[in-house]
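Asker: Mind looking over this structure? Questions follow.
The values are calculated or read from the model by the stated rules, or taken from the named source; none is laboratory data. If you're wondering where the values come from, they're calculated on a predicted model, not measured in any experiment. Heads up, the Cβs are rebuilt from the backbone with ideal geometry, glycines too, and the neighbour counts pull from every protein chain shown. The area values use the complete protein model at the heavy-atom level, side chains included, leaving out ligands, DNA and RNA. Shrake-Rupley method; radii C 1.70, N 1.55, O 1.52, S 1.80 Å.
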Amino acid sequence: MQALRQFYQSRYYKRSLYGVIGLGVIGAILVVSTKLKKQQSKQQSLNQFQSNEQSLQGTIFNKLDKCSLSNLDQVKTLNTSIQLEIDFIQQILTGRVILKMKAIQSVNKIQLDAKMLSIKVVKVNDQETQFHVKESVVKELGDQLEIFTEKQANEEFQVEIIYSTLQNVHNEQVAQNWLQPPQTFGNKHPFLFTQSEAIYARSLYPCQDSPSIKSTFDIELIVPAPLKAFGSGLLVKETLSQDKNIFQFKQPVAIPSYLFAICAGDLEKKKISERTFVISEPNLINKCANEFSDMEKYLSTIEEYLTPYKWNEYTVIVLPKAFPYGGMENPNLTFLSPSLVVGDKSETAVLIHEMIHSWSGNSMTCQNWECFWLNEGITTFIENKMVGKIFGKDQQTLHGLLGDNSLQKSINNFGADHTYTTLSPKIDQQNPDDCFSVIPYQKGCQFLRFLEGQIGEQKFQEFIRLIVSQDTLNSEQFRVLLEKFLLENNIQGVDIQWQQWIIDPGMPQEKLKIEEQFSKKYEKLANDLYENQMQLEDFQNLHSNEKCFILDLIGNMKIDQRILQNLEEEYQLFDSNNPEILHRILIYGIKCNYPGALGDKLSHFLSANGRMKFITPVYRALSEKNPEIGLRIFNMCRNSYHSIAAAQIQRMLGI
Ligand code: BES
Ligand code: ZN
């Protein structure tokens with residue numbers, strides 16, 4: 001409680017609350033930057049060697065993952081034991097991590113990924129050991145912590161690192177997002193959440209930050225009372241006191257670093273079924289529990305198609321609006337965007353998607369970020385099937401078509417010969433975020449549907465079960481498993497078209513098949529809406545996926561100010577509480593300079609949402625049509641976005 005009181009009295013809190021500018025801010029910046037300089041120079045003095053580009057050559061790149069600076073083909077982590085104190089006043093994490101490791105071959109050093117960390121002490125098997133932090137030549141990949149110790153092949157040992165994270169004064173891209181009370185739903189307490197995927201776990205603790213390395217976890221989190229903290233594991237112990245609360249979690253299944261996550265704030269947990277739970281800020285908990293009340297049904301439907309759920313409990317946490325994704329599949333603690341809580345369960349496919357990752361992604365994991373489609377394409381394929389089983393065939397078709405629309409848009413945006421439109425993009429010493437798009441999701445999903453069409457639903461289910469029973473997988477290994485499966489099951493005449501689907505850029509040749517009646521029905525509805533011929537009530541009765549699909553169809557027609565005025569006045573589309581709908585109509589409005597899309601509704605939308613799926617295309621439309629407005633709103637909102645989202649929008653706005 002005392003620490004929290006201190007926080008309320010701190011200049012960080014007051015500054016945000018009262019918007020004090022001028023001298024106060026300049027003073028604060030000076031203090032923070034001197035502090036940072038001190039931390040950095042301390043770190044530098046610990047460095048034994050000057051880093052230079054040449055000394056990095058030949059030492060940094062392992063063969064498995066070009067986004068990690070760890071020598072992960074020489075040593076591997078078996079268990080990670082992490083203890084962190086969450087300091088809302090300084091906005092830092094302090095603590096220690098113990099990595100239980102094993103040498104694959106004899107080595108004379110251990111290299112770990114690190115970003116924006118201040119390393120204090122390193123011990124190997126309890127002996128203080130020399131280390132040095134090579135500041136990165138590849139800025140995007142962060143630093144490399146080198147620990148000088150000799151180990152024989154197969155030797156097991158433990159590395160303890162005492163460290164803290166650095167204050168993020170320059171808005172670097174890091175996992176942690178610190179929120180001030182006004183950025184939460186409760187408006188009273190600060191909040192912290194992290195986003196490790198793809199390569200940000202290294203900004204939380206020194207690690208082998210690659211999906212090819214899996215370790216079990218013990219997590220201990222210390223927060224000021226009365227706040228609560230959660231980690232991506234099962235709760236084993238909580239110790240509450242007046243001053244501090246301590247929470248301990250265990251993740252007994254070996255997971256990659258990108259699935260490590262923590263969050264802390266004023267939080268409440270509610271049981272949905274024996275093994276499913278929802279967490280959110282207290283004033284949202286009932287809404288969230290209603291929206292996700294069918295979790296158990298979703299989970300058991302997925303189990304029927306795949307295999308029994310092996311992670312014991314399934315918990316979702318609904319985060320504040322700054323969360324940059326729809327969902328993130330952190331094990332035992334799926335993170336969800338509050339934009340899914342729309343009141344009619346129409347956005348629950350995202351939750352189903354994250355649940356499915358418990359098999360495809362969290363059990364079977366892509367070996368590196370160049371074969372990311374194995375995580376997302378397989379999950380999207382199963383998601384589409386589950387939508388069919390849970391919500392019916394029509395919803396499944398619609399869901400698939402909406403996905404296909406987003407794929408076409410994305411390929412058009414990149415250009416059909418762009419390397420990011422392939423399922424095997426080259427990601428060499430680069431942040432995987434640079435090439436993130438719907439392509440691995442939708443093209444990957446369509447590839448699997450193409451295969452299923454030839455192999456048959458039942459046999460393909462067997463193949464998918466085989467795939468999700470693997471540990472880590474790359475595209476080539478996937479192909480070998482597929483060919484072996486076909487051979488062993490005596491399935492002949494299957495044309496895999498590997499080159500076209502997996503290697504080549506551009507739109508798949510094989511088109512999604514749609515029943516004529518289905519497309520006719522929606523074309524008519526789109527025409528009716530366009531011509532202002534639809535009754536308001538009929539429109540309101542449509543499922544939001546239907547509305548989105550109709551809006552996508554209208555997007556192919558000629559849209560002018562008159563049409564937009566109808567959509568605003570007759571159908572109240574600019575007042576939709578569903579961002580899937582609202583972001584579509586705002587983009588149409590921006591594209592034809594419709595005043596209703598450029599005023600308060602636009603700035604409210606961009607400040608009330610941090611989910612990149614919605615805000616990025618809106619900023620893109622603004623940067624093409626009205627860059628000054630884009631810039632003005634971005635400058636106003638950037639502090640409420642996660643650093644990953646802010647960086648993406650900045651790149652797009654060209655600033
Ligand atoms: N694992 C992803 C989110 C992610 C991917 C974060 C890559 C960072 C890097 C998550 O499972 C996901 O796909 N979320 C989607 C939802 C989905 C239904 C398409 C999202 O956030 O929109
Ligand atoms: Zn996903």
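Asker: What list of ³J(HN,Hα) couplings, whole Hz, do you get for the range 76-87 from phi and the Karplus terms 6.51, -1.76, 1.60, once you set θ to phi - 60° and write x for glycine and proline?
Answerer: 3J(HN,Hα) across the range 76-87, in whole Hz: 9, 8, 9, 9, 10, 10, 10, 10, 10, 9, 9, 10.
Asker: Okay, moving on. I need the semi-axes of the equivalent ellipsoid of the chain: take the C-alpha gyration tensor, multiply each eigenvalue by 5, square-root it, list largest first in whole angstrom.
Answerer: With the √(5λ) rule applied to the chain, the semi-axes are 39, 32, 24 Å.
Asker: Then there is this: How much area per residue is accessible in the range 509-579 when the probe is 1.4 Å and only protein heavy atoms are counted (Å²)? Write down the numbers at each step before the final one.
Answerer: Details: 4290 Å² over 71 residues.
Heavy-atom SASA per residue in the range 509-579 reads 60 Å².
Asker: Then there is this: Which residues' amide hydrogens lie under 5 Å from the amide hydrogen of ILE255, considering only partners 5 or more residues apart or on another chain, with H built in the peptide plane?
Answerer: For ILE255, the qualifying residues are SER215, THR216.
Asker: Something else about it: Show me 509-517, 239-247 ranked by packing, highest mean number of other Cβ atoms within 10 Å first. Please list the in-between numbers first.
Answerer: On the way: 509-517: 10.4, 239-247: 14.2.
My ranking of the peptides, most packed first, is 239-247, 509-517.
Asker: Tell me the carbon and sulfur percent of the accessible area for the chain, rounded to whole percent, probe radius 1.4 Å.
Answerer: 48
Asker: List every residue whose amide H lies under 5 Å from the amide H of ILE655, counting only residues 5 or more places away in sequence or on a different chain, with H placed 1.01 Å from N in the peptide plane.
Answerer: It is none; the list stays empty.
Asker: Hey, what do the phi angles of the range 518-527 turn into as Karplus ³J(HN,Hα) couplings, whole Hz, using 6.51/-1.76/1.60 and θ = phi - 60°, x for Gly and Pro?
Answerer: 4, 5, 4, 4, 6, 5, 5, 4, 5, 4
Asker: Next question, about the same structure. Just reorder ASP65, ASP294 by solvent-accessible area, largest first, 1.4 Å probe, all chains present.
Answerer: The ordering from most to least exposed comes out as ASP294, ASP65.
Asker: Quick one: 3J(HN,Hα) in Hz for the range 562-573, Karplus 6.51/-1.76/1.60 with θ = phi - 60°, rounded, Gly and Pro as x.
Answerer: Result, rounded to whole Hz: 5, 4, 5, 4, 4, 5, 6, 7, 7, 10, 6, 5.
Asker: A further question on this structure: Once you've got the Cα coordinates, tell me which of LYS443/LYS591; LYS63/LYS214; LYS63/LYS134; LYS115/LYS310; LYS521/LYS547; LYS321/LYS345 are over 23 Å apart.
Answerer: The pairs that break the limit, which is 23 Å between Cα atoms, are LYS443/LYS591; LYS115/LYS310.
Asker: Rg over Rh of the range 494-633, using C-alpha atoms and the Kirkwood radius, what does it come to?
Answerer: For the range 494-633, the value is 1.04.
Asker: Using a 1.4 Å probe on the protein heavy atoms only, what accessible surface does GLU146 show? Give it in Å² to the nearest 10.
Answerer: Using a 1.4 Å probe on the heavy atoms, I get roughly 10 Å².
Asker: If you average the C-alpha positions of the range 186-208 and of the range 441-465 separately, how far apart do those two centres end up, in angstrom?
Answerer: Using only Cα atoms, the two centres lie 35 Å from each other.
Asker: In terms of modelled amide H atoms, which long-range or inter-chain residues lie less than 5 Å from the amide H of ILE104?
Answerer: VAL75, LYS76, ASN154
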